[in-house]
Structures are given as structure tokens and as C-alpha cells.
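Student: Got a structure here, written out as C-alpha cells. Questions coming.
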Amino acid sequence: LDTLIVDLSVRLSTLEVDTENLLNGSQADFEINIGCDNITTGTQGNDFVTGDSLTLMGRTLRGGSIGVEIARNILERLRDIELTLLNVHFCLFEVHTKVLKDLTGPDQKDAQKSTHLLKLADDVINSFGDGDLVIGDSVAIYFQVDRNSDDFSFDNFARVQAYSKALGEILTQRDDELDTHVENNLLLDVAAAQALTNQDENSLPYADVPFLIYVGNDVIDLHNASNVGVGDFAFVGLVLSDQKLSGNKVATLLSEYPESVEKLRIKPSVQSFLSPLAVYKLPFYNERYASTVNKVVTPIFHGDNFTGNSSSNTMFGEFLTGNSFASYSDESSQLFIDDKTNAFGIYENAEWAQTVAGDRFVVVPGTIVERQKGKDVIEGEAFQNSQTEDRVAAALTSLFLNNSLFLQISNDLYNTPIPMSDVTELKSSRCMDPKFSYIPSHTGSVMINPGISLQSQSEATSTSPKKTGNSNHKKKRHAHLRKG
């Protein structure tokens, strides 16, 4: 699917340029800004900022909660998406071929320049608060509850291996069916015969000179505060346990939780960052311009500008991994940090080394700067690639133990666990009994207690003089965490 989506993006971007050439004029302003935000935090501190996107994962059990039939259904739905993307690919190929065949007139290639400047996710972020955590582009945050229950057995995760054979057989069958569809229904041979030859492409009056592209080049100013700035990406999370924790116990018992989440996003092999192959070898008609043009239109990715006026500023050029652990019942509110993990694996780093622009840091003495990828420039005196554990621990403590939104999420997940699903297929009307579905604690939904009105449920909550069991503990913990 990833390859198909990349292939379609190449097709669409090239088709757009060729269509403007066919229409003999630009169809939009020269500069196109998308998602270029201006974000400013308050001086109260403990703010969390992500410039562009946030992925939030909350789990009250670890993997293995679906049976093989559900896994089969998921795979089948993914193959449906693959089939749709493949059909669209062939359709756009036919459209693109027709557009190029309609291009006429004198040769314009030597005079061509980019018709647009596309700025995507170039944000300006100002952080004024102590304890702020700022990520320029995107972040994945996970919450994992660890409770003494059968639902939390790591053995369930091993069932995935047993699924491999059954799912592998489906994959082989669907691949064969897809090839047959391409040959018999999409008429691959006919499509290939209609494609322009190399001689046809060379004789076209226009080249496909792409847009000038700037993506994720943020301006991050940490001002005079004790805060942390990350240029591009972060992966942080909290494992909330009912056990009394120590460094040893975290390392031996709980490390599998963040590792299981990291595996969801790490690229699996060196093949994952090589250029994708054209689907069924249909030409994309791209890169029909001279090598001198290629130097001008090379995209600029993730070249950030950092500024700070405090020796307590901490700056990470590209990425941050922060896995933390806390005991729900521990009055000390101590956060244990695993500073050995790296959610941005070797293969992803290898890709970044080839494509990421350098960052610029303007700092004062005492600032910690972790240079990672690209040719960075530091103006001023800084501790480079120094020990960042204490400052990261302080930032994660502010995030998970002092931020009211994340406090609510962790408390809700701990006190209202999401049970294992016993649904047998994805087409079921609902996956779980609404009585046990996760509803945020502040909503008072009738779905929690069917038959009780919102008003009566609210009255029952407000007039009850005492709570027992987890409710008392929850309130106490929530208040305690707010104090940090």
C-alpha cells in the first residue's frame, strides 16, 4: 500500500504540471502555503505543542486481543484498498498519456521554470513557558496500563506467529488474483502499447519541471524558559502500572510495553527507503528535465531554525524518544525514564541522512543541542550531544504528571479498562457491549449505564457523599498528579 500511494503521488504531481502546460497557464498563485501555522504558548508553563499532527494510542492490554478470523478480515479489507488504488493508478495513466499526446507547439523546455512554490508544514512556534515540550512536525504518544490481570499476559502476543501461515496463504492467493485482474480487466498489454515511447517523450514541447518544495522547515524559539524543542518528530509514552516500581523492575518487566508500540512504526528493512518500483512498469513520464534543473528543484525537508535565550533550553535537531514509567499508587509520583531506546530505527535514519536539510541553532552558553541528521550550524556556545536524560525526564514529568489533559487520559484508561474484544468479524454492528466501552470520565454518557438519564446520572454523581474502591483512589491520584 505504501508503494502504491507513493506511486500515485508521483503520478499526480507530474500530471498536475503537464496539465498546466496543456492549459498554457498557471491555475493558482505562485506561492502555496499549507499547514504553515503560527503557535505561541503562554507563560504558565507545562504546555505541549505539536506543529502538525498527533497520533494518540491508549491501551489497557497488550496485543493479541483479536483472533485469526478478525486478522483475516483486516487483511481482506487492506487488499480491497490495494485493488482500488491499482484501478486509480491505471485510470490516471490513461489520462496522463492523453494529456501528453495533446501537448503541441514550439519547444519551451529551455525557458521553463517552476510554476509554484509549495510550503507545507513550515510552522513558527514560540515557547514562553517552563516545562513546555515543543515538537515541530508530528508526535506519537502512547498510554499503556499495566495491571495484575489475565488480560495483561504477554503470551497472547505470541499468537501472531501462529497466524502467519494462514495469512500468508491468503496473501499468495490475492496476489495471483490481482495479477489476473490486471491482465484481463485492466488490459495491461493494451495500456503498455498506448504508452509514449522514449522518442515521444523527448519530442514533447514541455518538461515536467516540478514545484519548488519546502516541507517541515520550522522556526522554533524557546525564548528565556526551561523547555525542550524537537525539530521534527517525537515518540513518547507512559506505562502506568499497579506495581511498586524500581529501576530493576522497569527494565525486566515493563520494557516490552514500549517495545511493542515501537515495532508498529519502525521501518522493517533497507528496502523500505529505496525508491518504489513503477506499478506493473507503466511509465510515469516524470523527470523529463535536464540535470541542471534538478539542482534547482531539489526539495528542502526539515531544515529547522532554533533560537533560545536560556541556558536551560534543550534542542533536538530531528527526533526524540521518551519512554516513561510510573506507579499509579506511588505517592512519590516518580517517573522512571528508559534512556536507551530509540524509536527511530537504523533504516529510517539511513533515509534521513540522504534527504534531511541541516538545522540552524542560535543559542546562549549552557544550552544543550543534540545534532542528529543533516549539516547543522550552531551560532553560540552549546553542549553538543551532551547528557540530556535529566532534561528529558523533566519534560516528560511536566507532560504526564502536570498537564491536565494527559492526566485525564491516563486516569480514565486506568480506571475504565477497555476489555478484550470477542467480536468474530469486522462487519458486526458493534465491537463491544456499550456498558464496557471506553467513555471519558467527564461525559456522563448514558451508554455507560443504559436506562439511566444524563440528568439522573449527574445527580447521582453530585449527591453521592463518598466513593469507594477505585473512585477514591482515582480522585486522590488525580489531585496528587496535578501537584507534580
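Student: So which residues in segment 196-218 are more than 12 Å from Tyr285 (Cα to Cα) and within 31 Å of the chain's Cα centre (by Cα), if there are any at all?
Tutor: Pro210, Phe211, Leu212, Ile213, Tyr214, Val215, Gly216, Asn217, Asp218
Student: Quick check: anything in segment 81-89 polar (S, T, N, Q), touching a Ser or Thr at 6+ places or on another chain (Cβ under 8 Å) and in contact (Cβ under 8 Å) with a residue 24 or more places away in the chain? Spell out the reasoning first.
Tutor: Within segment 81-89, the subset polar (S, T, N, Q) is 84, 87.
Narrowing further to those that are touching a Ser or Thr at 6+ places or on another chain (Cβ under 8 Å): none.
For segment 81-89, residues polar (S, T, N, Q), touching a Ser or Thr at 6+ places or on another chain (Cβ under 8 Å) and in contact (Cβ under 8 Å) with a residue 24 or more places away in the chain: absent.
Student: Return the pairs, sorted by first residue and then second, in which the second residue is among the basic types (Lys, Arg), the first residue lies in segment 61-76 and is modelled with pLDDT of 75 or more, the beta carbons are less than 9 Å apart, and the residues are 6+ apart or on different chains.
Tutor: Hits for this filter: Asn73/Lys427; Leu75/Arg174; Glu76/Arg174.
Student: If a residue has to be modelled with pLDDT of 85 or more and surrounded by 20 or more Cβ atoms within 10 Å (Cβ to Cβ) to count, how many in segment 338-369 make the cut? Working first, answer last.
Tutor: Here is the first cut: in segment 338-369, the residues modelled with pLDDT of 85 or more are 356-369.
Filter once more, keeping what is surrounded by 20 or more Cβ atoms within 10 Å (Cβ to Cβ): 356-357, 359, 361, 363, 367-369.
The qualifying residues number 8.
Student: While we're here: Check off (1) in contact with a Lys or Arg (Cβ under 9 Å, 6 or more places away or on another chain); (2) at pLDDT 90 or above; (3) not acidic (Asp, Glu) for Thr298 and give me the number that stays unchecked.
Tutor: Thr298 satisfies every listed condition except (1).
Student: Continuing with this model, one more query. Conditions: (1) open to solvent by 50 Å² or more (accessible area, probe 1.4 Å); (2) at pLDDT 75 or above; (3) not in a loop (DSSP other than H, G, I, E, B). Asn248 meets all but one. Number of the miss?
Tutor: The one condition Asn248 does not meet is (2).
Student: Which pairs have Cβ atoms under 8 Å, sit 6 or more apart or on different chains, and link a residue in segment 225-237 that is under 26 Å from Ser260 (Cα atoms) to one that is in a loop (DSSP other than H, G, I, E, B) and among the basic types (Lys, Arg)?
Tutor: Note: pairs meeting the criteria are Phe235/Arg265.
Student: Next question. Would you mention how many residues in segment 100-147 are outside any strand (DSSP E or B), open to solvent by less than 50 Å² (accessible area, probe 1.4 Å) and within 30 Å of Pro205 (Cβ to Cβ)?
Tutor: Final tally of qualifying residues: 6.
Student: Counting only residues that are closer than 28 Å to Ile300 by Cβ and of a type in the set (A, V, I, L, M, F, W, C), which one in segment 79-127 is nearest to the chain's Cα centre (by Cα)?
Tutor: Here the residue is Ala121.
Student: Give me the pairs, please: first residue somewhere in segment 309-330 and within 21 Å of Phe235 (Cβ to Cβ) and among the acidic types (Asp, Glu), second residue anywhere and open to solvent by 10 Å² or more (accessible area, probe 1.4 Å) and not in a loop (DSSP other than H, G, I, E, B), beta-carbon distance under 7 Å, and either six or more positions apart or on two chains.
Tutor: From segment 309-330, the pairs are Glu318/Phe233; Glu318/Trp352; Glu318/Val356.
Student: While we're here: Tyr414 is checked against (1) within 19 Å of Ala140 (Cβ to Cβ); (2) open to solvent by less than 50 Å² (accessible area, probe 1.4 Å); (3) in a helix (DSSP H, G or I) and fails just one. What number does that condition carry?
Tutor: Tallying (1) within 19 Å of Ala140 (Cβ to Cβ); (2) open to solvent by less than 50 Å² (accessible area, probe 1.4 Å); (3) in a helix (DSSP H, G or I), Tyr414 fails exactly one: (1).
Student: List pairs: first residue in segment 135-147 and over 14 Å from Glu259 (Cβ atoms), second residue of a type in the set (Asp, Glu) and open to solvent by 10 Å² or more (accessible area, probe 1.4 Å) anywhere in the structure, Cβ distance under 9 angstrom, at least six positions apart or on different chains.
Tutor: Between residues of segment 135-147 that are over 14 Å from Glu259 (Cβ atoms) and residues that are of a type in the set (Asp, Glu) and open to solvent by 10 Å² or more (accessible area, probe 1.4 Å), the close pairs are Ile135/Asp52; Gly136/Asp52; Asp137/Asp52; Ser138/Asp52; Val145/Asp242; Arg147/Asp242.
Student: Next up: List the pairs whose first member sits in segment 9-38 and is without any contact (Cβ under 8 Å) to a residue 24 or more places away in the chain, whose second member is open to solvent by less than 60 Å² (accessible area, probe 1.4 Å), and whose Cβ atoms are under 7 Å apart, counting only residues at least 6 apart or on separate chains?
Tutor: From residues that are without any contact (Cβ under 8 Å) to a residue 24 or more places away in the chain, the pairs are Gln27/Glu20.
Student: Moving on. Which residues, taken from segment 322-337, are out of contact with any His (no Cβ under 9 Å at 6 or more places or on another chain), open to solvent by less than 40 Å² (accessible area, probe 1.4 Å) and at pLDDT 80 or above? Working first, answer last.
Tutor: In the first step, residues of segment 322-337 are kept if they are out of contact with any His (no Cβ under 9 Å at 6 or more places or on another chain); the result is 322-327, 330, 332, 334-337.
Now drop any that are not open to solvent by less than 40 Å² (accessible area, probe 1.4 Å), which leaves 322-327, 330, 335-336.
Gly322, Asn323, Ser324, Phe325, Ala326, Ser327, Leu335, Phe336 - these are the residues of segment 322-337 that are out of contact with any His (no Cβ under 9 Å at 6 or more places or on another chain), open to solvent by less than 40 Å² (accessible area, probe 1.4 Å) and at pLDDT 80 or above.
Student: Look through segment 165-202, keep the residues that are surrounded by 11 or more Cβ atoms within 10 Å (Cβ to Cβ) and among the polar types (S, T, N, Q), and return whichever of them is farthest from Leu22 (Cα to Cα).
Tutor: Top of the filtered list is Gln173.
Student: Oh, and also: If you check every pair at least six apart or on different chains, which have Cβ atoms under 7 Å apart with a residue in segment 95-108 that is within 9 Å of Leu15 (Cβ to Cβ) first and a residue that is basic (Lys, Arg) and open to solvent by less than 70 Å² (accessible area, probe 1.4 Å) second?
Tutor: Final answer for the pair search is His96/Arg11.
Student: When you scan segment 1-92 for strands (runs of 3 or more DSSP E) that lie fully inside it, which ones turn up with 3 or more residues that are open to solvent by 30 Å² or more (accessible area, probe 1.4 Å)? Full working, then the answer.
Tutor: Working: elements: 31-34, 38-40, 48-50, 53-59.
The qualifying strands (runs of 3 or more DSSP E) are 31-34, 38-40, 53-59.
Student: Looking only at residues that are in contact with a Ser or Thr (Cβ under 8 Å, 6 or more places away or on another chain) and modelled with pLDDT of 80 or more in segment 256-287, which one is nearest to Ser324 (Cα to Cα)?
Tutor: Filtering segment 256-287 for residues that are in contact with a Ser or Thr (Cβ under 8 Å, 6 or more places away or on another chain) and modelled with pLDDT of 80 or more, the one nearest to Ser324 (Cα to Cα) comes out as Pro258.
The values are calculated or read from the model by the stated rules, or taken from the named source; none is laboratory data. Keep in mind that what you see is a predicted model, and the values were worked out from it rather than measured. Cβ atoms come from the backbone with ideal geometry, glycine included; neighbour counts cover every protein chain shown. In case anyone asks, the SASA skips ligands and DNA or RNA and just uses the protein heavy atoms, side chains included. Shrake-Rupley method; radii C 1.70, N 1.55, O 1.52, S 1.80 Å.
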